[in-house]
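Chemist: Take this structure first; my questions come after.
The values are calculated or read from the model by the stated rules, or taken from the named source; none is laboratory data. From a predicted model like this one, the values you see are computed outputs, not experimental measurements. Every residue, glycine as well, gets a Cβ built from its backbone with ideal geometry; the counts of neighbours run over all protein chains shown. Ligands, DNA and RNA are stripped out before the accessible areas are found, and what is left, the full protein with its side chains, is counted by its heavy atoms. Shrake-Rupley method; radii C 1.70, N 1.55, O 1.52, S 1.80 Å.
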Amino acid sequence: MNRDPLRPVTAEEIRRYREDGIVVLRGLFDPAWVEHLRPLVDQDMAAPGPLHLELEKKRDAEGGGRFFFDTFLWPRIPGFAEFVRSSPAAAIVGALMGSSKVNVFFDQLLIKEPGTAERTPWHHDLPYWPIEGEQVCTLWLALDRVTADSGAVEYLRGSHRWGERYSPPAFAGDDRYKTEYGPVPDFESRRDELDILQFELEPGDCTVHHALLVHAAPGNARADRRRRAYVTRWAGDGVVYAPRPNIMPILEDPGIPAGAPLDSELWPVVWRAG
């Protein structure tokens, strides 16, 4: 399995990430990484961690699909730690952000099984998290073929540059998150006037998006295909710890003061330029 990207990240890909807030990247991961991760997904789904959620509201009552969510996998499952520390992911996001270092923030599974009706609501990521800074992004690695009808994510091009912060909607549908920001606008009713990007992906393709880019995703209407995504969250230069109440829980106290760089056992530096 490759440690370095199979090809360089191009200047055009860097430009797309910085201008659009989202770039699709193909041909950077050895297919062996996909085969490495798939059984780990099933391992975690069978015995999930303390922060996992089941998000398909029709699952129990009506025998619907399954929208499975879990976070902070790498600290407890060695195979995910191998990806975080030894895959090309950190080098890829470091090149896109132009950072001198990359910390892993957390990793995540976002699994939509066949027949899952539950949408991922419109949101952007940073207001959920106890960090602040410009260089924060997500690498979304496809472990299955992903199409519009199986839950391909939709992105509002350039929305990371709007200068807006929206209060984070809870995927579980309740009001567990409380911030000083206003609600996410009703983007779904304005689809015709918005510049929406959506990418079909093959296993091993990935997208990288900025933490303030607004995005959402449909359910998985397919009866024959899972939508398994292994998602890693990364931080670069200038990102600091900014704890706040009533946002997404993290695995443990990082043991650093508010305003400090993330460098810690929970959020280690896993890549440095050069």
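Chemist: List, please: which pairs have Cβ atoms under 8 Å, are six or more places apart or on different chains, and start with a residue in the stretch 241-259 that is over 14 Å from N103 (Cβ atoms) and end with one that is among the basic types (K, R) and assigned to a loop (DSSP other than H, G, I, E, B)?
Modeler: P245/K178; N246/R176; N246/K178
Yes or no, residue by residue, for (1) crowded, with 23+ Cβ neighbours inside 10 Å; (2) modelled with pLDDT of 95 or more; (3) of a type in the set (A, V, I, L, M, F, W, C); (4) within 26 Å of G274 (Cα to Cα):
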position	(1), (2), (3), (4)
R76	no, yes, no, no
A81	no, yes, yes, yes
Y166	no, yes, no, no
P169	no, no, no, no
D174	no, no, no, no
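Chemist: A further question on this structure: Without any contact (Cβ under 8 Å) to a residue 12 or more places away in the chain and surrounded by fewer than 17 Cβ atoms within 10 Å (Cβ to Cβ): does that describe D149?
Modeler: The answer is no for D149.
Chemist: Return the only residue of Q108, Q135 being touching a residue at least 40 places away in the same chain (Cβ under 8 Å) and either open to solvent by 10 Å² or more (accessible area, probe 1.4 Å) or touching a helix residue (DSSP H, G or I) at 6+ places or on another chain (Cβ under 6 Å) (or both).
Modeler: Going through Q108, Q135 in turn, just one is touching a residue at least 40 places away in the same chain (Cβ under 8 Å) and either open to solvent by 10 Å² or more (accessible area, probe 1.4 Å) or touching a helix residue (DSSP H, G or I) at 6+ places or on another chain (Cβ under 6 Å) (or both): Q135.
Chemist: Here's another thing I want to ask about it. Whether any residue in the stretch 217-239 is touching an Asp or Glu at 6+ places or on another chain (Cβ under 9 Å) and loosely packed, with under 15 Cβ neighbours inside 10 Å is what I want to check.
Modeler: Within the stretch 217-239 (the criterion being touching an Asp or Glu at 6+ places or on another chain (Cβ under 9 Å) and loosely packed, with under 15 Cβ neighbours inside 10 Å), the answer is yes, since at least one residue qualifies.
Chemist: Only one of (1) in contact (Cβ under 8 Å) with a residue 40 or more places away in the chain; (2) open to solvent by 20 Å² or more (accessible area, probe 1.4 Å) is not met by P183, so which one is it?
Modeler: (1)
Chemist: How many of the residues in the stretch 93-105 are open to solvent by less than 10 Å² (accessible area, probe 1.4 Å) and either charged (D, E, K, R) or in contact with a Pro (Cβ under 6 Å, 6 or more places away or on another chain) (or both)?
Modeler: Residues that pass the stated criteria total 0.
Chemist: Related question: Inside the stretch 50-147, counting only helices (runs of 4 or more DSSP H) that do not spill past its ends, which hold 1 or more residues that are farther than 20 Å from D30 by Cβ?
Modeler: Of the helices (runs of 4 or more DSSP H) lying wholly inside the stretch 50-147, those with at least 1 residues that are farther than 20 Å from D30 by Cβ span 59-62, 89-97.
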